[in-house]
Every structure is written in structure tokens, then in C-alpha cells.
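Report on the structure given below.
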Amino acid sequence: MRLLKKAAAIGIASLMVLSMAACGSGAKETTAAATETTTAESKTTAESTAEAVKEAVGGDLSDKKVGISIYKFDDNFMTLYRTELQRYLVDELGFKKENVVVQDGKNDQAEQTNQIQNFITQKYDVLILNLVQSSSAPEVTEMCKEAGIPVVYINREPTVEEEQRWKDEGIKATYVGCDARQSGTYQGEEILETSNKGDINGDGVVSYIMIQGDPENVDAQYRTEFSVKALTDAGVEVKELLKQRGDWDQAKAQQITQDALTQFGDEIEVVFCNNDAMALGALQSIEAAGRTVNKDIYLVGVDALTEAVQNVLDDKQTGTVFNDHLSQAQAAADMASAFILGEEVENVNMVDYVKVTKENAQEVLDKLK
Ligand code: GAL
């Protein structure tokens, strides 16, 4: 037990230090080399925590039950995330496959609350929840608290006040995610790093359209705000031609981009997408309109879906940002195990984003495969 306490604490602490160091040094300083260190270190962290967890329970977490609910299965990024979550819980931490149950919240909070209620009735040992509505966190946390079941929230961050409440009241709840301000800043930097800083037509103003994710995830708001802020902070003048919700969805983004290209034509110099699925949709319309990425229009996304990273290599997308689903899934599973073992768990646990441009895209692709 003692060994576990140490190893788990070191693991969790080093994850946090990594993330805090990156926040402190500012987005600009992260390089491909730093990326490698982060990934390598978090892997070591995950491995040592996994070993320690196994040792502490005599090598067997197999009788413990983990209930997982994803906001909806039909989401490219969350599909990668939940696949890694299941793999890591079963293959690395030793939970029995049938004791790791993953439900589809179907983008319906009432449906998801029902699923959570069922997990509680069936006395699951810990829950990992990607809420449909992050604003439901206080209610869901109370349900879990009353039943004595710890909860790990992922991907859609509850409010800072709610997270603080868990800490103040000693509630067994935690959040694992990324600070989306960082991803927005990286997107803006990718535009600043182009030869003309995004001002393709040389009129002194960067004219852009912004395709936003579902606002239930604060990521949508932060990426929207901080991508543009990176430009204005650098003294670049900007003009927003259009801002519209694409709900993280490829088909919606394709339609929005098609309509925007019809309305604004060559005036559009940059297409900001809050995620890669939407960037893939935007690209379809950009190509259909006869425009060429990195030549007469720029396009950026977030997540580092393999298709998008390949597009970065092929000059079909200017850049993306790796939303590290591997480290996030592993950290979430480690926190869930720590709760089961009665360990102390921090109320907020952040993982770093990684900027992806043509320079490191191949390296990132190799890691993802
Ligand atoms: C974001 C991700 C999106 C989408 C969303 C769901 O972090 O970038 O692609 O998966 O989470 O809440």
C-alpha cells in the first residue's frame, strides 16, 4: 500500500507539474522536443501508476466495476478517447472486460442521467463521465456522493466553482481534461507562422470565418476566443466575416463553409475550426470551390485526427493541435483506480496540448499509429 501511495502520488503530481510548467512558459515555447518529453514522461507515469495500482490490490482490480458514459458515441474524438479508456483499464490496470461498461449518452442529458442512476443502483465502484451538459455536474455529483461512489469527469469541464466545492467539501470527484485556451493560442500561432501571417491579400487585415463546436463544452468558447486573441496580441488586425456553430460535426461544417464561400468568396483568408472533424468538412467545401489551402486560404483545427494530420503533411490543412486522448484516458483511469483504493485525488488534472504543423506532423502521425 505504501509503495502505491508513493507511486500514484508521484504519477499524478508529475502529470500536473508537466501541465503547469507548460502553462507558465507560455504556448510559444513548446517545441517538438518538448512534446516528445511530455509524451514519454506521461507514458512512464501511466506505467508506474498502473504497476503500483496492481501491486496494491494484490494484482487484481478485476472485481471492481467501472461505469462510463460518453456524451455521444457519434463523435470522432470521443471515439478514440473511449477506445483508449477501455484498453487501458482492461489491458494495463487489470479490470475485467465485462466490468468496464461504456454507455452512449446519445447527446441527451435525461437519457444519460438515467444511465448514471442505473450504475448507482447496480453499485458500481467508480464512474467516469463525459457529461452531455456540463451544467449537470452539481446534480450528478450529489447523486454519486449520496451513493458513496466517486466520479471522474472527463472532456466537458464543470465550472471552477463546482470543482472548488469538491475540494472544500471533501467530495470524491475530479476532472481530467486540457486547458482549451492553450489549443486556441496554438491555432492563432499557426496562422502567425505562415509567410504572410494570414494576410493573404495583403490588405493589412486577416479576414476569417470561425466554425464553433457545441457550446456545452467550454473548449468551443476558449478556442474561439484565444485563436483570435493570439493574432490581436501580436498586433495583427482581424475581421470576423462569420461565426457559426458546427457542433463538432463534419457535415455541418461543410455546409457552413460552402455557404460562407458563396457569400464572401476570396475575402476569406482563414477558416478557424474548433476541431478537426469540422476542418475536414471545411476542406471538402474549400476544394469544391477551387480554393487551395496554404496558397489562397488557411485552415486550422484541433484534435490531431490522423486524417487531419495527414492533411497537414499534404498541404490540405495549415495546422492542428494534438488533443492528447491517450494521456487523458490514462489519467482518467488512474484517477478512477486511485479513488477505488482510497487515495487522495486532486480536484483538477490537466494534460497538455501539442501544436502540430508540417514540421512535426510526421512525428505525431507515427505516434498516433
Ligand atoms: C473536444 C474535441 C471535440 C469534441 C468535443 C466533445 O475536446 O476537440 O472534437 O470531441 O471535445 O465534447
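Within 10 Å of each residue's Cβ, count the other Cβ atoms and sort Thr174, Thr320, Thr194 from fewest upward.
Numbers: Thr174 25, Thr320 31, Thr194 17.
The order, fewest Cβ neighbours first, is Thr194, Thr174, Thr320.
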Checklist entry - Using bins 10 angstrom wide from zero, how does P(r) for region 154-308 break down, in % of all Cα pairs? => result 11, 40, 30, 12, 6, 1
Next on the checklist: Using a 7 Å offset from the Cα along the Cα-to-Cβ direction at both Glu161 and Lys369, what is the distance between the two label points in nm, to one decimal?
Outcome noted: 4.9
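Only Lys, Arg, Asp and Glu count, each charged at its Cβ (+1, +1, -1, -1), so figure out the dipole size of region 103-224 about its Cα centre, rounded to 20 debye. Intermediate results must be reported in sequence, preceding the final value.
On the way: 10 positive and 22 negative charges, 56 e Å.
Rounded to the nearest 20 debye, it is 260 debye.
Read-outs: derived from the displayed coordinates by stated rules, not from any lab. Everything numeric in this text was worked out from a predicted model, so none of it was measured. A quick note on method: Cβ atoms are made from the backbone with ideal geometry, for glycine too, and the neighbour counts reach across all protein chains shown.
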